[in-house]
Amino acid sequence: MLFADVVLPLPLAESFTYAVPVEMQGKIGVGFRVIVPFGRRKFYTAVVLKLHHNPPKGIEVKEIHSLTDSHPVVNEQQIRLWEWVSFYYLSPLGDVYKAALPSMMKPQDLEERYKSRTETYIRLNTGIHDVDRLTGRAKKQAGLYQALKRLFSEEGIERIPLREVAPKTGYSNTVLKGLTEKKIVIKYSEEVSRIDRQTVLLSRKAFTLNDYQKKALEEVNSCFEEKNVCLLHGVTSSGKTEIYIHLIEEQLNQGKQTLYLVPEIALTTQLTCRLQAVFGDKLGIYHSKINDNERTEIWQKMVSGSPYEIVIGVRSSLFLPFRRLGLVIVDEEHETSYKQQEPAPRYHARDTAIVLAQIYRAKTLLGSATPSIETFYNAKTGKYGFVTLEKRFEEIELPFVSLENTRELRRTKKMKTLLAPGLIEKINTALESGEQVILFRNRRGFAPMLECKLCGWTPKCSRCDVSLAYHKNSRELKCHYCNKAYKPASECPVCHEKSIEPVGMGTEKLEEEVTQLFPGIAVARMDTDTTRGKHSYQKIISDFQNRKVQILVGTQMLAKGLDFDNVGIVGIIAADGLLNHPDFRSHERGFQLMLQAAGRAGRKSRQGEVVIQTADPEQPIYRYLQANDYESFYHSQLAERKLFNYPPFKRLISVVIKHRDEQKAESGAEFFARLLKQSLGEMVLGPNKPLISRIQRYHIRHILLKLDNQLSPAKIRQFIKSVESRFRENPDFKYMGTYYDVDVMG
């Protein structure tokens, strides 16, 4: 008999074995989707991992119910990647499969949900020559026929979508029906793409590189002769994207594909236009704003005979079925949004991209103006190739960075608004010169919380231990952890006074105040609240690029590599909040965000300026920012990391225990930690109660492992899994919620 090991889209670590029916043998292979029974009267779409002739012992083997495909939809390289992600990130293989495939490709209970889209067209029947006789006295039919002939002739087309006939000719579908019944016009349907693609002509070739870019490109190619991974450390606006375009062209010439990873959807919006102008329909776009039908269509194209040669996308595009992958570009490689948090698998897209490239024997290029400490360390110690690009494109000067001391301004009562007087003055000067302004505040909503001014009561989420953020426009309080919305109370439920007021400031409040400070000036806001629609990113970015908007207010998505050529001033509001998070990466993240935000400023004709509002101007990070001195910042951070045993000198794994009963979560975490400490001793820290210790009604405890880099991932996995088995043997903890966060980001 033939057996198939399959993976199910469920949080299960192992694969399951099914018998292959005789009629299916010879038609099935690795990477095929199959429908299998699982549990009581349930059917799931599974993917075949392996075919063999070894019957499992001691269990009843069920048969595969049906075969979904006539060809594999997952290739062997992808399966190797799934297995690595599951192994390294201590995540069930079923969770990896569930994350990888679009949900419409994993229907349950035999319901195939994906259906291709069709469009109905009409064309003239060229075999009919006696139209006048056929239309007879039907003047409207004759008129529509002539209108269609004229339309086809003027536009140089042979067909038109049915839905466009009435608006373009002025004749109703009833008149058209008469022509189709007489076979003067032929109506037919055809499968069409769902993907919203603008018709893009190849408007340009890759630009000629300047001397600095040419040198960097040559050095990257030279690095790739010896190493598989190279870091391109280029200052903001140095023209890294144009180097990427030349590298992609080289891959195309070799018949190979490129994956271009970006951390934010906003970046795909802007980069797509630049790449489509050079590569046209060779380019595919894959991110969370495209719907599941479109994801499925892209997946099906990638396994077809004419796949996309270049894919630009966010972290999930790593799982697409490439055939001839030659290059992976990870742009803004330092970005924390490359790390998946919820749901599992909790993988890091940059590190997974390096493994993906290795599986295909491809190369990986990491690009950033502010590399992560670990990546820069790997480049400096020779593990990765290292190329620098130190000049901005077209010799544009780096921006001048100035500080506004908000503590002193408030003490002397000179700060009347959210913006310092010096920043307001500079914004006015920039606007008078026809320049644009970006204001960066890394907190969305109107205010981080509401508070009763008399008794101090603050509204909190019923499911999470966190204050609710106030969103004024939608008139609601929101939990930014579970997304639950509440109506604001009109009076305090404790002291019953109408004394509840907003505390702090988010982008919504900043936008309101800026609108009042600069009347008649067009202001827009870019954060997750204003970019929920499919094309909302595109509209905000294009309005700013086309100078319909003079001031753009936003969160960290504004800092991530967006390219504007008319920004005179960048203001960073409440900068200290970026540095004061209680985790070891807070200074690294704050420095990166501020330097990236600063990189949006600068014009050919005039040096741009960055104004940082801070209550602590003596903070050393601001000196590094003013000098644009990443290297000194890196060395200061590296010394701290070494002193306190953090990456890149140690490897961090967080064990997370959660339960709806707080006492059970506490006792479960203490027991798990005791088991770990029996072998690892001081390498185990905790259990600790995190800052936000309850999310979606689950009480959470963390155990942190600080492990030597010399320990192999295989040994670490084996040990942790053995401890988990002993933990589960205790009946109190058999069903306790646990998961692992490998290479913790904070």
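Of note, R600 satisfies the criterion of being basic (K, R) and not in a helix (DSSP H, G or I).
Go through segment 222-238 and report how many residues are among the polar types (S, T, N, Q) and under 13 Å from A362 (Cα atoms).
The qualifying residues number 1.
A single entry from I551, I521 fulfils the requirement of being in contact with a helix residue (DSSP H, G or I) (Cβ under 8 Å, 6 or more places away or on another chain), among the aliphatic types (A, V, I, L, M), closer than 21 Å to I427 by Cβ and buried (at least 21 other Cβ atoms within 10 Å of the Cβ): I551.
Criterion first (closer than 30 Å to K187 by Cβ, buried (at least 16 other Cβ atoms within 10 Å of the Cβ) and among the aliphatic types (A, V, I, L, M)) does M104 satisfy it? Walk me through how you get there before you give the answer.
On the way: closer than 30 Å to K187 by Cβ: yes; buried (at least 16 other Cβ atoms within 10 Å of the Cβ): yes; among the aliphatic types (A, V, I, L, M): yes.
Against the criterion (closer than 30 Å to K187 by Cβ, buried (at least 16 other Cβ atoms within 10 Å of the Cβ) and among the aliphatic types (A, V, I, L, M)), M104 qualifies.
Do we find a residue being buried (at least 16 other Cβ atoms within 10 Å of the Cβ) and modelled with pLDDT of 95 or more anywhere in segment 688-696? So far as segment 688-696 goes, no, none of its residues is buried (at least 16 other Cβ atoms within 10 Å of the Cβ) and modelled with pLDDT of 95 or more. Against the definition (acidic (D, E), under 27 Å from V401 (Cβ atoms) and touching a residue at least 12 places away in the same chain (Cβ under 8 Å)), how does E497 come out, yes or no? No; evaluated as a whole, the condition is false for this residue.
I'd like the full set of residues that are more than 20 Å from Q592 (Cβ to Cβ) and not aromatic (F, W, Y), limited to segment 251-267.
Q251, L252, N253, Q254, G255, K256, Q257, T258, L259
Scanning segment 586-593 finds one or more residues that are closer than 20 Å to D743 by Cβ, out of contact with any His (no Cβ under 8 Å at 6 or more places or on another chain), outside the structural domain of G737 (by TED's automatic domain parsing) and surrounded by fewer than 19 Cβ atoms within 10 Å (Cβ to Cβ). Within segment 660-677, the residues that satisfy the criterion of being within 35 Å of the chain's Cα centre (by Cα) and either among the hydrophobic types (A, V, I, L, M, F, W, C) or more than 14 Å from N730 (Cα to Cα) (or both) are R660, D661, E662, A665, E666, A669, F672, A673, L676. Quick test for you: out of F564, F544, pick the one residue that is of a type in the set (F, W, Y), within 30 Å of E242 (Cα to Cα) and in a loop (DSSP other than H, G, I, E, B). Going through F564, F544 in turn, just one is of a type in the set (F, W, Y), within 30 Å of E242 (Cα to Cα) and in a loop (DSSP other than H, G, I, E, B): F564.
Across segment 460-475, the number of residues qualifying as surrounded by 15 or more Cβ atoms within 10 Å (Cβ to Cβ) and out of contact with any Ser or Thr (no Cβ under 7 Å at 6 or more places or on another chain) comes to 9.
Hey, among S712, S722, which residue is modelled with pLDDT of 95 or more and under 22 Å from W84 (Cβ atoms)?
S722
Contact map, segment 567-588: residues that are more than 28 Å from E397 (Cα to Cα) paired with residues that are acidic (D, E), Cβ distance under 9 Å, separation 6+ or inter-chain. Pairs shown: F584/E640.
Yes/no matrix, rows are residues, columns are (1) more than 30 Å from S462 (Cβ to Cβ); (2) among the basic types (K, R):
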residue: F644; (1), (2): yes, no
residue: P648; (1), (2): yes, no
residue: K658; (1), (2): no, yes
residue: A669; (1), (2): no, no
residue: V684; (1), (2): yes, no
residue: P713; (1), (2): yes, no
residue: D741; (1), (2): no, no
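Going through (1) over 18 Å from the mean Cα position of the chain (by Cα); (2) under 21 Å from G280 (Cβ atoms) one by one, S317 falls short only on (1). Residues that are part of a helix (DSSP H, G or I), crowded, with 17+ Cβ neighbours inside 10 Å and in contact with a helix residue (DSSP H, G or I) (Cβ under 6 Å, 6 or more places away or on another chain) within segment 279-309 comprise just one, T296.
Taking every residue in segment 686-709 that is over 9 Å from A669 (Cα atoms) and without any contact (Cβ under 8 Å) to a residue 60 or more places away in the chain and pairing it with any residue that is outside any strand (DSSP E or B) and acidic (D, E), at least 6 positions away or on another chain, the pairs with Cβ-Cβ distances below 6 Å are H699/E662. Restricted to strands (runs of 3 or more DSSP E) entirely inside segment 323-418, those with at least 2 residues that are of a type in the set (G, A, S) and closer than 24 Å to M557 by Cβ are 363-368. Would you confirm, using the coordinates I've provided, whether K478 is surrounded by fewer than 18 Cβ atoms within 10 Å (Cβ to Cβ) and basic (K, R)? When the stated conditions are applied, K478 does not pass them. The residues of segment 458-489 that are small (G, A, S) and touching an Asp or Glu at 6+ places or on another chain (Cβ under 7 Å) amount to a single one, A485.
A search for C-beta distances below 7 Å between a residue of segment 327-342 that is within 18 Å of Y481 (Cα to Cα) and any residue that is outside any strand (DSSP E or B), counting only pairs 6+ apart in sequence or on different chains, returns T336/R589; T336/M745; S337/P263; S337/E264; K339/M745; Q340/R315; Q340/R346; Q340/Y347.
Residues of segment 567-597 that are assigned to a loop (DSSP other than H, G, I, E, B), at negative phi and more than 24 Å from the chain's Cα centre (by Cα): I573, N580, P582. If you go through segment 29-68 and pick out every residue that is outside any strand (DSSP E or B), of a type outside the set (G, A, S), modelled with pLDDT of 95 or more and under 35 Å from the mean Cα position of the chain (by Cα), you end up with 2.
For segment 474-487, filtering for residues that are within 26 Å of the chain's Cα centre (by Cα) and part of a loop (DSSP other than H, G, I, E, B) leaves 7.
The values are calculated or read from the model by the stated rules, or taken from the named source; none is laboratory data. Predicted, not measured: the structure shown is a model, and the values here were computed from it. Every residue, glycine as well, gets a Cβ built from its backbone with ideal geometry; the counts of neighbours run over all protein chains shown.
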